[in-house]
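As structure tokens, the structure follows; a few thoughts come after it.
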Amino acid sequence: MNQFEEESGEFFSLAKNYMDALLNLRRNEASDMIMKAVEEGTSIKDIYMNVFEASQHEIGRLWQTNQITVAQEHFCTAATQRIMSQLYPHIFSTQKNGHQMVAACAAGEMHEMGLRMVADLFEMEGWDTYYLGANTPNESILQTIIDIKPDLVALSVSIHSNLRTLMDLIKLIRNTQDISEIKIMVGGRPFLLAPKLWKKIGADGYSHNAVEAINLADEIISS
């Protein structure tokens, strides 16, 4: 069993067909597959984790091994983000639990899809999320945190060259009165490769996927 099969599990057939449609530029067909699956009772959380996330990981692997072009990878990512937005009427109708989260990618970080999936799944769990997206200046992120004072801040970085900016942001948060104790969760490839890195930069936790992030959030905000 390869990683794609393992990640998609019982949804491998749907994930494979979805990915094949995108790689062949059949975006509407891919969208129809997802909408049909949801109509037939597949949970949106399963769609996110076992179809969107699994297929994006496989598409990333295909790009890294030069089996697809960067244009194909970008098309698949943009198409998946558009399809995710079609599911928002389901996602944002969830009853709220009173918790708030600010989610952002560090300045210079352009890979936002993983964090966007995290924010969406937190919405499904009843959180109010404030998703700031890719390449957000540290000063803007800091001001949003000061204004909202959320229970949790989720920050993402995918390449090592952006770690310094992330570390600077965490230092800013920790040195700012009224928000210095806010819980900070980080994610992204550098933390996957160095599992204890999150501690060194002053975060409260690290998760490698969205479902784990939710469980970790419940743990750290209640500690």
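Restricting to region 71-82, count the residues that are open to solvent by less than 70 Å² (accessible area, probe 1.4 Å) and more than 15 Å from the chain's Cα centre (by Cα). Talk me through it step by step, then tell me what you get.
Narrowing region 71-82 to residues open to solvent by less than 70 Å² (accessible area, probe 1.4 Å): 71-73, 75-81.
Subsequent filtering for residues that are more than 15 Å from the chain's Cα centre (by Cα) retains 71-73, 75-76, 79.
Counting residues in region 71-82 that are open to solvent by less than 70 Å² (accessible area, probe 1.4 Å) and more than 15 Å from the chain's Cα centre (by Cα) gives 6.
Number of residues in region 105-132 that are open to solvent by 50 Å² or more (accessible area, probe 1.4 Å), among the hydrophobic types (A, V, I, L, M, F, W, C) and modelled with pLDDT of 90 or more: the value is 1.
Note on region 57-92: residues that are β-branched (Val, Ile, Thr) and more than 22 Å from Phe12 (Cβ to Cβ) total 3. Among residues of region 202-223 that are touching a residue at least 12 places away in the same chain (Cβ under 8 Å), those with a Cβ under 7 angstrom from a residue that is surrounded by fewer than 19 Cβ atoms within 10 Å (Cβ to Cβ) and of a type in the set (Val, Ile, Thr), sequence gap 6+ or separate chain, pair up as Asp204/Ile220; Gly205/Ile220.
Note on region 1-12: among residues that are touching a helix residue (DSSP H, G or I) at 6+ places or on another chain (Cβ under 7 Å) and hydrophobic (A, V, I, L, M, F, W, C), the one that is least open to solvent (accessible area, probe 1.4 Å) is Phe4.
Which ones in region 168-190 are under 16 Å from Ala107 (Cα atoms), open to solvent by less than 10 Å² (accessible area, probe 1.4 Å) and among the aliphatic types (A, V, I, L, M)? Across region 168-190, the qualifying residues are Leu169, Ile170, Ile173, Val186. Is it the case that some residue within region 201-219 is farther than 27 Å from Phe52 by Cβ, assigned to a helix (DSSP H, G or I), open to solvent by 80 Å² or more (accessible area, probe 1.4 Å) and not hydrophobic (A, V, I, L, M, F, W, C)? No, region 201-219 contains no residue that is farther than 27 Å from Phe52 by Cβ, assigned to a helix (DSSP H, G or I), open to solvent by 80 Å² or more (accessible area, probe 1.4 Å) and not hydrophobic (A, V, I, L, M, F, W, C).
Among the residues of region 133-167 satisfying the criterion of being in a helix (DSSP H, G or I) and among the aliphatic types (A, V, I, L, M), which is surrounded by the most Cβ atoms within 10 Å (Cβ to Cβ)? First the steps, then the outcome.
Initially, region 133-167 is screened for residues in a helix (DSSP H, G or I), giving 138-148, 160-167.
In the following step, the residues that additionally are among the aliphatic types (A, V, I, L, M) were identified as 141-142, 145-146, 148, 163, 166-167.
Values: Ile141: 22, Leu142: 18, Ile145: 23, Ile146: 14, Ile148: 16, Leu163: 19, Leu166: 26, Met167: 17.
Only one residue fits best here, namely Leu166.
Check whether at least one residue in region 147-161 is of a type in the set (Gly, Ala, Ser) and touching a strand residue (DSSP E or B) at 6+ places or on another chain (Cβ under 7 Å), and report yes or no. Before the answer, list the steps.
Step one: of region 147-161, the residues of a type in the set (Gly, Ala, Ser) are 154, 156, 158, 161.
Remaining after also requiring touching a strand residue (DSSP E or B) at 6+ places or on another chain (Cβ under 7 Å): 154, 156.
Checked region 147-161: at least one residue is of a type in the set (Gly, Ala, Ser) and touching a strand residue (DSSP E or B) at 6+ places or on another chain (Cβ under 7 Å).
For region 76-117, which residues satisfy the criterion of being of a type outside the set (A, V, I, L, M, F, W, C), closer than 27 Å to Glu29 by Cα and part of a loop (DSSP other than H, G, I, E, B)? Of everything in region 76-117, those that are of a type outside the set (A, V, I, L, M, F, W, C), closer than 27 Å to Glu29 by Cα and part of a loop (DSSP other than H, G, I, E, B) turn out to be Ser93, His111, Glu112.
Would you mind stating whether Ala54 is assigned to a helix (DSSP H, G or I), at pLDDT 95 or above and either farther than 14 Å from Leu14 by Cβ or of a type outside the set (Val, Ile, Thr) (or both)? Show your work before the answer.
Details: assigned to a helix (DSSP H, G or I): yes; at pLDDT 95 or above: no; either farther than 14 Å from Leu14 by Cβ or of a type outside the set (Val, Ile, Thr) (or both): yes.
It is false that Ala54 is assigned to a helix (DSSP H, G or I), at pLDDT 95 or above and either farther than 14 Å from Leu14 by Cβ or of a type outside the set (Val, Ile, Thr) (or both).
When you scan region 83-104, how many residues do you find that are among the hydrophobic types (A, V, I, L, M, F, W, C) and either open to solvent by 20 Å² or more (accessible area, probe 1.4 Å) or closer than 22 Å to Gly188 by Cα (or both)? Explain how you work it out, then say what you get.
First, pick out the residues of region 83-104 that are among the hydrophobic types (A, V, I, L, M, F, W, C): 83-84, 87, 91-92, 101-104.
When the remaining residues are screened for being either open to solvent by 20 Å² or more (accessible area, probe 1.4 Å) or closer than 22 Å to Gly188 by Cα (or both), the result is 84, 92, 101-104.
Residues in region 83-104 being among the hydrophobic types (A, V, I, L, M, F, W, C) and either open to solvent by 20 Å² or more (accessible area, probe 1.4 Å) or closer than 22 Å to Gly188 by Cα (or both): 6 in total.
If you go through region 18-70 and keep only what is charged (D, E, K, R) and open to solvent by 80 Å² or more (accessible area, probe 1.4 Å), you end up with Arg26, Arg27, Asp32, Lys36, Glu39, Glu40, Arg61. Surrounded by 17 or more Cβ atoms within 10 Å (Cβ to Cβ), modelled with pLDDT of 95 or more, aliphatic (A, V, I, L, M) and more than 20 Å from the chain's Cα centre (by Cα), is that true of Ala15? It is false that Ala15 is surrounded by 17 or more Cβ atoms within 10 Å (Cβ to Cβ), modelled with pLDDT of 95 or more, aliphatic (A, V, I, L, M) and more than 20 Å from the chain's Cα centre (by Cα).
The values are calculated or read from the model by the stated rules, or taken from the named source; none is laboratory data. Bear in mind that the values here come from a model prediction, so they are computed numbers and not experimental data. No Cβ is skipped: glycine too gets one built from the backbone with ideal geometry, and neighbour counts run over all protein chains shown. Remember, those area values only see protein heavy atoms, side chains included, never the ligands or the DNA or RNA. Shrake-Rupley method; radii C 1.70, N 1.55, O 1.52, S 1.80 Å.
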